[in-house]
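The structure under discussion appears below in the form of structure tokens.
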Amino acid sequence: MARVWGGRSLEKIYRRNLPDDQPYGESWEMSDRPDAQSIVSSGPYAGKSLHDLWTNHREAIFGKGFTGDRFPLLIKILDARDDLSIQVHPPENLSRELGGEPKTEMWYIAECDPEAKLYIGLKDGCTRESFQQSLSEGTLEEQVHAVSPEPGESIFIPSGRLHAIGAGFLIYEIQQNSDTTYRVFDWNRVGLNGAPRDLHIKESMASINFNDFEPGMDQPDGDSLASCEYFVVQRHKLSKLEEITTTNDSFSIITVISGKIRSSEGQVFKTGDFLILPRNASPLTVEGDCQILRTTLPTD
């Protein structure tokens, strides 16, 4: 998707076909939205949409006990060549009242420039009043906590947490199936159409957790990067000829961070590729050193 803050890395690094020469910031890799459907490219379900799989083949592919009209996750690659807006997503208890959808998410840093910044939470001492004053003065950056992560780090972003991706990142984003974002500050710039982008001050002020001070990047718990009521994300560092399997109970979404893996049919998946490994599927085989993300839905 074309974004004022995007670039061309989706094409140069991840081999995505971009339709024109605009800056592109998002590639929606696993999407079951009314206006954005992922289509299976290979295997027995080739040509079918993710919505079709979820609606008509749910138990066979994903497992038992999952509910909902749409696949509950949205997974993206983000290419930030400029700063994204400072923004927030509404919490569950406010989303309907505000006319949006709740969104909890996590970021995995695939690549980043030296000293590139993520803006996460509030600086110590920030209050609702000082926040509003900085907002009116166009100096909101003074109220927002910033960190400079390394590739391979990750951070969990619950709904209500103020955040922004700074310039110089490639990120894998795993989130609830939601497209609600409230921009509170957009760096006093204009969008691709030459006009300022819409801000959502009222909704943002209602959604921001004003007790969320200076969070740091997450520390992995073994292979586990994030585990919540909406998704479970693990990172696996694998060696040649190791196998990637699922169980009879549930599926996995595999994201190739680095290296190559091969399916039992001989198809090779490389850096930036995504695939659904159905429950009880034939294993994937690792070719050389490899890192993957495995995303699943909670089953307890």
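Since every read-out is calculated from the coordinates, none of them should be taken as a lab result. Nothing here was measured: the structure is a model prediction, and the numbers come from that model. Glycine gets a Cβ as well: all are built from the backbone with ideal geometry, and neighbour counts include every protein chain shown.
Among 251-257, 14-20, 270-276, what's the highest-first ranking by average C-beta atoms within 10 angstrom per residue?
Top of the packing list down: 251-257, 270-276, 14-20.
If amide hydrogens are placed 1.01 Å from N in the peptide plane, which non-local residues have theirs closer than 5 Å to the one on F213?
Long-range HN contacts for F213: L122.
Taking the beta-carbon count within 10 Å as an exposure proxy, list S49, S136 from fewest neighbours to most.
In increasing order of surrounding Cβ atoms, one gets S136, S49.
So what's the gap between the Cα centers of region 238-300 and region 154-207, to the nearest angstrom?
Measuring centre to centre over Cα atoms gives 31 Å.
Compute the angle between helix 128-137 and the longest alpha-carbon principal axis of the chain, please, reported from 0 to 90 degrees and rounded to the nearest 10.
In the chain, helix 128-137 runs at an angle near 80 degrees to the longest axis.
Convert each backbone phi in region 111-120 into a coupling constant with the Karplus relation 6.51 cos²θ - 1.76 cosθ + 1.60 (shift: θ = phi - 60°), then list the ³J(HN,Hα) values in order as whole Hz, x for Gly and Pro.
For region 111-120, the Karplus curve yields 8, 7, 6, x, 6, 4, 10, 9, 9, 9 Hz.
Could you pull out every residue, at least 5 positions away or on a different chain, whose amide H is within less than 5 Å of the one on R197? Hs are placed 1.01 Å off N in the peptide plane, and Pro or chain starts have none.
For R197, the qualifying residues are G191.
Using the 10 angstrom Cβ neighbour count as an exposure proxy, how do H51, H200 rank, fewest first?
In increasing order of surrounding Cβ atoms, one gets H51, H200.
Based on Cα coordinates alone, diagonalise the gyration tensor for region 228-267, multiply each eigenvalue by 5, take square roots, and list the semi-axes in whole Å, largest first.
So the three semi-axes of region 228-267 are 21, 14, 9 Å.
Please turn the phi angles of region 69-82 into ³J(HN,Hα) values with the Karplus equation 6.51 cos²θ - 1.76 cosθ + 1.60 (θ = phi - 60°), one per residue in order, whole Hz, x for glycine and proline.
Per residue, the Karplus-derived 3J(HN,Hα) values read 6, 10, 3, x, 10, 10, 10, 10, 9, 10, 10, 9, 9, 9 Hz.
Take E173, E97 and order them by how many other Cβ atoms sit within 10 Å, fewest up front. Spell out each step's value before the answer.
On the way: E173 18, E97 10.
Fewest to most other Cβ atoms nearby, the residues stand as E97, E173.
Which ³J(HN,Hα) values, rounded to whole Hz and listed in residue order, are derived for region 167-179 from phi using the Karplus coefficients 6.51, -1.76 and 1.60 in 6.51 cos²θ - 1.76 cosθ + 1.60 with θ = phi - 60°, glycine and proline given as x?
Karplus values, whole Hz, x for Gly and Pro: 5, x, 10, 10, 9, 8, 10, 10, 8, 4, 6, 8, 10.
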